[in-house]
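Input: a single structure, listed below in structure tokens.
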Amino acid sequence: MWVSPELKEPPSYYYRRQGFASFGEDRSGLDLGVAHNLIDNFLWANDYPHHEGTWPHSAAAIERTMGALTEEQRAKVLGLNAARLWNIEVPAKYQTAEVL
């Protein structure tokens, strides 16, 4: 009753369209992202150069955190989603999971 006018779509529609979340190591969050079809809205960050981030052990953190993701999902989370968010052109040869 506090929102006028009412949303035409459920909040999840707007989040999927324009919401993003970044994370460092959050395997349970990624599991929820997969379960709720939100992988297109997740961005991985190693928080360089802060000591509480995963750097310089980012490769191991990616394997620990993203072991259950498909290669396509990993490609999105590790860079393709960020490129889409910030309108960074990615050459076609890098838009497939095979190059990862």
Mind checking whether some residue in the stretch 74-92 is free of Cβ contacts under 8 Å to residues at least 12 places away in the same chain, more than 23 Å from Tyr15 (Cα to Cα) and in contact with a Leu (Cβ under 8 Å, 6 or more places away or on another chain)?
yes
When (1) of a type outside the set (A, V, I, L, M); (2) within 14 Å of the chain's Cα centre (by Cα); (3) part of a helix (DSSP H, G or I) are applied to Asn46, the one that fails is (3)
Only one of Gly29, Gly79 is out of contact with any Lys or Arg (no Cβ under 7 Å at 6 or more places or on another chain), small (Gly, Ala, Ser) and surrounded by 16 or more Cβ atoms within 10 Å (Cβ to Cβ), namely Gly79
- Query: Mind checking whether some residue in the stretch 45-52 is in contact with a Lys or Arg (Cβ under 7 Å, 6 or more places away or on another chain) and of a type outside the set (D, E, K, R)?
  - Reply: no
Exactly one of Ala35, Ala59, Ala92 is at pLDDT 90 or above, surrounded by fewer than 10 Cβ atoms within 10 Å (Cβ to Cβ) and more than 13 Å from the chain's Cα centre (by Cα), and that one is Ala35
Result of the Cβ filter at 8 Å on the stretch 3-18, keeping first residues that are more than 15 Å from Leu85 (Cβ to Cβ) and partners that are in a helix (DSSP H, G or I), at least 6 apart or interchain, is Leu7/Tyr14
Counting only residues in the stretch 59-97 that are in contact with a Gly (Cβ under 9 Å, 6 or more places away or on another chain) and part of a helix (DSSP H, G or I), the one farthest from Ser22 (Cα to Cα) is identified as Tyr94
Of the residues in the stretch 24-43, those that are outside any helix (DSSP H, G or I) and either of a type in the set (S, T, N, Q) or more than 13 Å from Lys76 (Cα to Cα) (or both) number 5
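The values are calculated or read from the model by the stated rules, or taken from the named source; none is laboratory data. Everything quoted here is computed from the prediction, not taken from an experiment. Virtual Cβ from ideal backbone geometry, glycine too; neighbours counted across all protein chains shown.
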